[in-house]
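Structure first, then comments.
The values are calculated or read from the model by the stated rules, or taken from the named source; none is laboratory data. Everything numeric in this text was worked out from a predicted model, so none of it was measured. Because the Cβ atoms are built from the backbone with ideal geometry, glycine has one as well, and the counts that use them run over all protein chains shown. Heavy atoms of the whole protein, side chains included, go into the accessibility calculation; ligands, DNA and RNA do not. Shrake-Rupley method; radii C 1.70, N 1.55, O 1.52, S 1.80 Å.
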Amino acid sequence: QVQLVESGGGLVQAGGSLRLSCAASGRTFSSVTMGWFRQAPGLEREFVAGISWSAGTTYYADSVKGRFTISRDNAKNTVYLQMNSLLPEDTAVYYCAASSRVIITIRNVDYWGQGTQVTVSS
(Lines give C-alpha, C1' and ligand atoms only; values in the text may rest on other atoms or scores of the structure.)
Protein backbone atom coordinates (compact mmCIF):
# COMPACT_ATOMS: atom_id res chain seq x y z
CA GLN A 1 0.00 0.00 0.00
CA VAL A 2 1.22 3.50 -0.90
CA GLN A 3 -0.37 6.71 0.32
CA LEU A 4 0.20 9.82 -1.79
CA VAL A 5 -0.46 13.40 -0.70
CA GLU A 6 -0.05 16.29 -3.15
CA SER A 7 0.61 19.91 -2.29
CA GLY A 8 1.67 23.11 -4.00
CA GLY A 9 -1.31 23.85 -6.20
CA GLY A 10 -2.85 27.29 -6.44
CA LEU A 11 -3.69 30.25 -8.63
CA VAL A 12 -1.02 31.72 -10.88
CA GLN A 13 -0.96 34.09 -13.84
CA ALA A 14 -0.09 32.87 -17.31
CA GLY A 15 3.67 32.71 -17.72
CA GLY A 16 4.19 32.00 -14.05
CA SER A 17 5.53 28.95 -12.25
CA LEU A 18 4.42 26.48 -9.60
CA ARG A 19 6.05 23.47 -8.02
CA LEU A 20 3.89 20.54 -6.99
CA SER A 21 5.07 18.05 -4.39
CA CYS A 22 3.84 14.55 -3.67
CA ALA A 23 4.77 12.94 -0.37
CA ALA A 24 4.57 9.16 -0.31
CA SER A 25 4.29 6.76 2.58
CA GLY A 26 3.80 3.04 2.86
CA ARG A 27 5.67 0.46 0.84
CA THR A 28 9.14 1.13 -0.48
CA PHE A 29 8.85 4.39 -2.42
CA SER A 30 12.14 4.00 -4.22
CA SER A 31 10.95 0.84 -6.00
CA VAL A 32 7.92 2.35 -7.74
CA THR A 33 7.56 4.37 -10.90
CA MET A 34 5.95 7.74 -10.22
CA GLY A 35 3.96 10.07 -12.41
CA TRP A 36 1.74 13.11 -12.62
CA PHE A 37 -1.62 13.23 -14.36
CA ARG A 38 -4.19 16.00 -14.72
CA GLN A 39 -7.88 16.36 -15.32
CA ALA A 40 -9.56 19.50 -16.56
CA PRO A 41 -13.32 20.04 -16.15
CA GLY A 42 -15.30 17.99 -18.65
CA LEU A 43 -12.21 16.19 -19.93
CA GLU A 44 -10.63 12.81 -19.28
CA ARG A 45 -7.66 12.44 -16.98
CA GLU A 46 -4.43 12.59 -18.97
CA PHE A 47 -0.78 11.75 -18.51
CA VAL A 48 1.60 14.65 -17.80
CA ALA A 49 4.98 13.22 -16.77
CA GLY A 50 6.63 10.06 -15.47
CA ILE A 51 9.88 9.15 -13.74
CA SER A 52 11.60 5.83 -13.17
CA TRP A 53 12.40 4.55 -9.69
CA SER A 54 16.07 5.57 -10.08
CA ALA A 55 15.16 8.95 -11.62
CA GLY A 56 17.30 7.94 -14.58
CA THR A 57 14.40 8.11 -17.01
CA THR A 58 11.84 10.88 -17.38
CA TYR A 59 9.17 11.33 -20.03
CA TYR A 60 6.52 13.91 -20.76
CA ALA A 61 3.34 14.61 -22.64
CA ASP A 62 4.02 16.70 -25.74
CA SER A 63 1.87 19.51 -24.35
CA VAL A 64 4.21 20.11 -21.41
CA LYS A 65 7.59 19.11 -22.84
CA GLY A 66 10.15 21.85 -22.29
CA ARG A 67 8.00 23.61 -19.68
CA PHE A 68 7.52 20.99 -16.94
CA THR A 69 10.16 18.97 -15.11
CA ILE A 70 9.53 15.90 -12.99
CA SER A 71 12.01 14.86 -10.32
CA ARG A 72 12.13 12.70 -7.21
CA ASP A 73 14.03 12.51 -3.96
CA ASN A 74 13.91 8.93 -2.71
CA ALA A 75 15.50 9.91 0.60
CA LYS A 76 12.49 12.16 1.26
CA ASN A 77 9.92 9.87 -0.39
CA THR A 78 8.83 12.81 -2.51
CA VAL A 79 8.24 13.46 -6.19
CA TYR A 80 8.03 16.95 -7.66
CA LEU A 81 6.60 18.63 -10.72
CA GLN A 82 8.17 21.97 -11.58
CA MET A 83 5.83 23.83 -13.91
CA ASN A 84 7.14 26.86 -15.78
CA SER A 85 5.65 29.09 -18.47
CA LEU A 86 2.18 28.07 -17.38
CA LEU A 87 -0.71 28.49 -19.79
CA PRO A 88 -4.45 28.81 -19.10
CA GLU A 89 -4.90 25.40 -20.70
CA ASP A 90 -2.75 23.90 -17.93
CA THR A 91 -5.64 24.57 -15.53
CA ALA A 92 -6.66 21.24 -14.03
CA VAL A 93 -6.61 19.06 -10.96
CA TYR A 94 -3.17 17.46 -10.84
CA TYR A 95 -2.81 13.95 -9.47
CA CYS A 96 0.26 12.13 -8.26
CA ALA A 97 0.35 8.43 -9.08
CA ALA A 98 2.45 5.33 -8.48
CA SER A 99 2.88 2.18 -10.53
CA SER A 100 4.79 -1.06 -10.15
CA ARG A 101 5.43 -1.06 -13.91
CA VAL A 102 8.57 0.27 -15.57
CA ILE A 103 6.61 2.91 -17.53
CA ILE A 104 3.59 4.52 -15.91
CA THR A 105 0.41 4.99 -17.91
CA ILE A 106 -3.12 5.79 -16.85
CA ARG A 107 -4.01 2.11 -17.31
CA ASN A 108 -1.41 0.74 -14.91
CA VAL A 109 -1.60 3.16 -12.00
CA ASP A 110 -1.75 1.28 -8.72
CA TYR A 111 -2.17 4.26 -6.39
CA TRP A 112 -3.55 7.77 -6.78
CA GLY A 113 -3.25 10.88 -4.67
CA GLN A 114 -6.29 13.01 -3.88
CA GLY A 115 -5.32 15.77 -6.33
CA THR A 116 -4.40 19.42 -6.09
CA GLN A 117 -6.00 22.25 -8.07
CA VAL A 118 -3.87 24.36 -10.42
CA THR A 119 -5.54 27.40 -11.94
CA VAL A 120 -3.77 29.57 -14.52
CA SER A 121 -5.37 32.91 -15.24
CA SER A 122 -4.92 34.72 -18.54
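For first residues located in the stretch 1-18 and more than 17 Å from residue 111 (Cβ to Cβ), partners that are loosely packed, with under 13 Cβ neighbours inside 10 Å and lie 6+ apart or on another chain with Cβ distances below 6 Å form the pairs 9/117; 13/121; 14/88; 14/122. State the number of residues belonging to the stretch 66-82 that are assigned to a strand (DSSP E or B) and farther than 20 Å from residue 44 by Cβ. The qualifying residues number 9. Cβ-Cβ distances below 9 Å connect the following pairs, each with a first residue in the stretch 51-62 that is within 11 Å of residue 73 (Cα to Cα) and free of Cβ contacts under 8 Å to residues at least 24 places away in the same chain, a second residue that is exposed (fewer than 15 other Cβ atoms within 10 Å of the Cβ) and of a type in the set (Val, Ile, Thr), and a separation of six or more residues or different chains: 53/102. Looking only at residues in the stretch 61-78 that are surrounded by fewer than 18 Cβ atoms within 10 Å (Cβ to Cβ) and charged (D, E, K, R), the one that is nearest to residue 51 (Cα to Cα) is 73.
In the stretch 41-65, the qualifying residues are those that are of a type in the set (Asp, Glu) and assigned to a loop (DSSP other than H, G, I, E, B), and the one that is farthest from residue 24 (Cα to Cα) is 62. Every condition in (1) under 20 Å from residue 113 (Cα atoms); (2) touching a residue at least 12 places away in the same chain (Cβ under 8 Å); (3) assigned to a loop (DSSP other than H, G, I, E, B) holds for residue 86 except the one numbered (1). Considering the stretch 108-122, the residues that are polar (S, T, N, Q) and in contact (Cβ under 8 Å) with a residue 12 or more places away in the chain include one that is least open to solvent (accessible area, probe 1.4 Å), namely 116.
May I ask you to verify whether residue 105 is open to solvent by less than 70 Å² (accessible area, probe 1.4 Å) and either within 14 Å of residue 29 (Cα to Cα) or modelled with pLDDT under 95 (or both)?
Details: open to solvent by less than 70 Å² (accessible area, probe 1.4 Å): yes; either within 14 Å of residue 29 (Cα to Cα) or modelled with pLDDT under 95 (or both): no.
Answer is no for this residue.
Assess whether residue 21 counts as being over 18 Å from residue 121 (Cβ atoms), open to solvent by 30 Å² or more (accessible area, probe 1.4 Å) and either modelled with pLDDT of 95 or more or in a strand (DSSP E or B) (or both). So residue 21 fails the test. Does at least one position in the stretch 79-97 carry a residue that is exposed (fewer than 14 other Cβ atoms within 10 Å of the Cβ) and closer than 20 Å to residue 3 by Cβ? No, every residue in the stretch 79-97 fails to be exposed (fewer than 14 other Cβ atoms within 10 Å of the Cβ) and closer than 20 Å to residue 3 by Cβ.
One residue stands out among those in the stretch 26-53 that are under 19 Å from residue 70 (Cα atoms) and open to solvent by 20 Å² or more (accessible area, probe 1.4 Å): the one that is modelled with the lowest pLDDT, which is 30. Among the candidates 4, 11, the residue that is in a strand (DSSP E or B) and loosely packed, with under 14 Cβ neighbours inside 10 Å is uniquely 11.
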